[in-house]
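Undergrad: Next up is a structure, given as structure tokens.
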Amino acid sequence: GGRTSSPLNTEAPRHTMVVVLASEGVGATVDTTAGKELKGPLQTQVSDNEITTPHGGQDWRQCANYVEDFSVTTNGLGTPASALAAAREATADLAHYPPANFEPHLSHLAGFLWGDEAAQHASCLQLGNGASELIDLVIRACAREGAWRPGPSDVQYEEYKRSAEAAGFSRTVHSDSSASLLCMVNPSNPTGEYLKVDDLMEYLEQTCERGSTVIVDESMQPWVGPHWREDSLISKGAWRRQMSIEKGVDVFVMHSWTKIWSCAGIRLGSVIAPTPQLMVKIKSKQVPWSVNSVALVFLTVAIADKEFMRRTWALTPVWRLNIVSKITEAFPAWRCHGEPFLSWVWIDTFDEDQAEAAVAAAKAAGCPIRWGEPGYKKATIIRLGVRNELSFEVLLGALKKVLVSRRMTAA
């Protein structure tokens, strides 16, 4: 699966930071071993509700007994070995700038998305430094300032809230069709709700007014299965153009490729605009070289790894079913939510204290999970990334030990 260490590794992963002192041109090596309490500015920031968007994937650095990161929704298979090897080899060219137009890698992505029809759609596609850069760009460059709304769920990935409100938008309820900006995630991260493409198009047609901008984040869509493109707005280019030109509703399709290929460290995303003219507006505001050479090479090789996708579709539902079954058996009062193909499980414990205790127990066992309170404001909820059976047994044992003992104490 491309992992560089055992999923049951009990040794803290080591990281070395090379600090270059610009004034003297010399380097100093600083030990940043995971689990070691670091002082001052080197301390890992886990979350800051007042400034930045809370996000999973930070706690693992503080686990001296790190086993597996369940706090993120990345692929449980880890990083594709072929793409990881290519990325390492690409570091040999770090002295050179990446291609300003991202080619030929942008064309490789177009081929991955549309196959033989790539040439018809390529002028509407652009890469970015993770989906986060492109979310921000679309909102600032293409949306008419006013109110923004999530939809159809009120709970979704918080980066849209941050970007919209940083750009001067005010939030309104998901049912407010007068909003000038709609940001929705489908499949919905974190709740696990999913609209098939026909239902999705109907929802947009019925709830979006002329002059509005829509971003549909389909980052988790590749988990649907081999037919994921057909049940996606990727396959609805003519409809997206018609919505823009005839109805005045601009629908953008967003992807974070760091999820399916488990490459969050290199930041890699893309956006599809409804028309080439709108893509020009995005590119005119984008900083140059925002995707580095290593990420571009990684993308080209990951796209070609069909066996990795086959294994993803085969194993993820099996691993997820294992998690849901054992959580339900161990904690019958809890409820697991989400489609069977998803790379995470959204779990309502119906008890804020239990949820908080579960988060603490998981981190202590080296298996951090995502609590629903930071950002989402769902204090009874926990989210678990889908991981293999062996890693999950470590997490499950920790949850049972702490939560069962709490029940006995309360009794």
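Undergrad: Taking θ = phi - 60°, what integer Hz values does the Karplus form 6.51 cos²θ - 1.76 cosθ + 1.60 yield along the range 168-178, in sequence order, with x for Gly and Pro?
TA: These are the phi-based 3J(HN,Hα) values: x, 7, 10, 7, 10, 6, 5, 8, 7, 6, 7 Hz.
Undergrad: To the nearest whole percent, what portion of all C-alpha pairs in the range 282-411 is separated by more than 26 angstrom? Don't jump to the answer; show the numbers that get you there.
TA: Values: 3207 of 8385 pairs.
For the range 282-411, the share of Cα pairs beyond 26 Å comes to 38 percent.
Undergrad: Which loop-located chymotrypsin sites (Phe, Trp or Tyr not before Pro) does the range 307-411 contain, where loop means any DSSP state but H, G, I, E or B and the Cβ has at most 16 other Cβ atoms within 10 Å?
TA: Those satisfying the criteria are 350.
Undergrad: A further question follows. Once you place label points 7 Å from the Cα toward the Cβ at residue 154 and residue 196, how far apart are they in nm?
TA: For the pair residue 154/residue 196, the computed spacing is 2.9 nm.
Undergrad: Hey, another quick one. Enumerate the amide H contacts of residue 378 below 5 Å, restricted to partners 5 or more residues apart or on another chain; note that Pro and chain-start residues carry no placed amide H.
TA: Counting only residues 5 or more places away or on other chains, the set is 373.
Undergrad: What number, in percent, do you get for the relative contact order of the range 217-271 if the mean sequence gap of Cα pairs under 8 Å and at least 6 apart is divided by its residue count? Walk me through the numbers before you get to the answer.
TA: Values: 52 pairs, mean separation 19.4, N = 55.
Computed value for the range 217-271: 35 percent relative contact order.
Undergrad: So which trypsin sites (Lys or Arg not before Pro) in the range 279-350 pass both tests, a DSSP loop state and at most 11 other Cβ atoms within 10 Å of the Cβ?
TA: For trypsin sites (Lys or Arg not before Pro) across the range 279-350 that sit outside H, G, I, E and B with at most 11 neighbouring Cβ atoms in 10 Å, the list is empty.
Undergrad: Taking the alpha-carbon distance from residue 285 and a cut-off under 30 Å, which lysines remain once sequence neighbours fewer than 8 residues away in the same chain are dropped?
TA: Here the lysines satisfying the reach criterion relative to residue 285 are 161, 236, 247, 259.
Undergrad: Place +1 on the Cβ of every Lys and Arg and -1 on the Cβ of every Asp and Glu in the range 258-378, take the dipole about the Cα centre, and give the residue among 367, 296, 322 whose Cα lies farthest towards its positive end.
TA: So the residue we want is 296.
Undergrad: Related question: What relative contact order, as a whole-number percentage, does the range 290-392 give when Cα pairs under 8 Å and 6 or more residues apart are counted?
TA: On the way: 120 pairs, mean separation 24.9, N = 103.
Contact order relative to length: 24 percent.
Undergrad: Once you have the Cα-Cα distance between residue 400 and residue 289, take 0.36 nm times their residue separation minus that, and quote the gain in nm to one decimal.
TA: So the extension gain works out to 35.1 nm.
Undergrad: Work out how much length residue 239 to residue 377 would gain on full extension: take 0.36 nm times their residue separation and subtract the Cα-Cα distance, in nm to one decimal. Walk me through the numbers on the way to the answer.
TA: Numbers: separation 138, 0.36 × 138 = 49.68 nm, distance 3.56 nm.
Here the segment from residue 239 to residue 377 would lengthen by 46.1 nm.
Undergrad: Follow-up question, since we're still on this one. So if we plug the beta-carbon distance of residue 117 and residue 173 into 1/(1 + (r/R0)^6) with R0 = 51 Å, what FRET efficiency do we get, rounded to 0.05?
TA: FRET efficiency, residue 117 to residue 173: 0.85.
Undergrad: So, in nm, how far is label residue 328 from label residue 360 when the simple model puts each one 7 Å beyond its Cα toward the Cβ?
TA: The modelled label-to-label distance comes out at 3.0 nm.
Undergrad: In sequence order, what are the phi-derived ³J(HN,Hα) couplings for the range 66-81 according to the Karplus relation 6.51 cos²θ - 1.76 cosθ + 1.60 with θ = phi - 60°, rounded to whole Hz, with x for glycine and proline?
TA: Here the 3J(HN,Hα) series is 3, 10, 7, 9, 8, 7, 10, 9, 5, 4, x, 6, x, 7, x, 4 Hz.
Undergrad: Amide H neighbours of residue 344 under 5 Å, counting only residues 5+ apart in sequence or on other chains, H built in-plane at 1.01 Å?
TA: 386
Undergrad: Please list, ordered by chain and number, the residues whose modelled amide H lies under 5 Å from the amide H of residue 143; skip anything fewer than 5 residues away on the same chain.
TA: Sorted by chain and number, the residues that satisfy this come to none at all.
Undergrad: Ok, one more. With each pseudo-label sitting 7 Å past Cα toward Cβ, what's the residue 81-residue 206 distance in nm, one decimal?
TA: 4.9
Undergrad: Would you mind calculating the gained length between residue 311 and residue 350 on full extension (0.36 nm times residue separation, minus the Cα-Cα distance), in nm to one decimal?
TA: On the way: separation 39, 0.36 × 39 = 14.04 nm, distance 3.43 nm.
The residue 311-residue 350 span can extend by a further 10.6 nm.
Undergrad: Let me ask something additional. Which of the three applies to the range 210-302, rounded, prolate or oblate, going by the alpha-carbon gyration tensor with a ≥ b ≥ c and a/c under 1.5 meaning rounded? Can you show the working numbers first?
TA: Working: a/c = 2.59, a/b = 1.35, b/c = 1.92.
It is oblate, given that a/c is not under 1.5 and a/b is not larger than b/c.
Undergrad: Could you pull out the trypsin sites (Lys or Arg not before Pro) across the range 70-162 that fall in loop regions by DSSP (anything but H, G, I, E, B) with no more than 16 other Cβ atoms inside 10 Å?
TA: Details: sites: 88, 140, 144, 161, 162; in loops: 144.
Taking the range 70-162 and a limit of 16 other Cβ atoms within 10 Å, the loop trypsin sites (Lys or Arg not before Pro) found are 144.
Undergrad: If you add up the charges near residue 117, with Lys and Arg at +1 and Asp and Glu at -1, over every other residue whose beta carbon is less than 15 angstrom from its beta carbon, what do you get?
TA: Once positives and negatives cancel, what remains is +2.
Computed from the coordinates by the stated procedures, all read-outs in this text should not be read as laboratory data. What you are looking at is a predicted structure, and each value in this text was computed from that prediction instead of being measured. Heads up, the Cβs are rebuilt from the backbone with ideal geometry, glycines too, and the neighbour counts pull from every protein chain shown.
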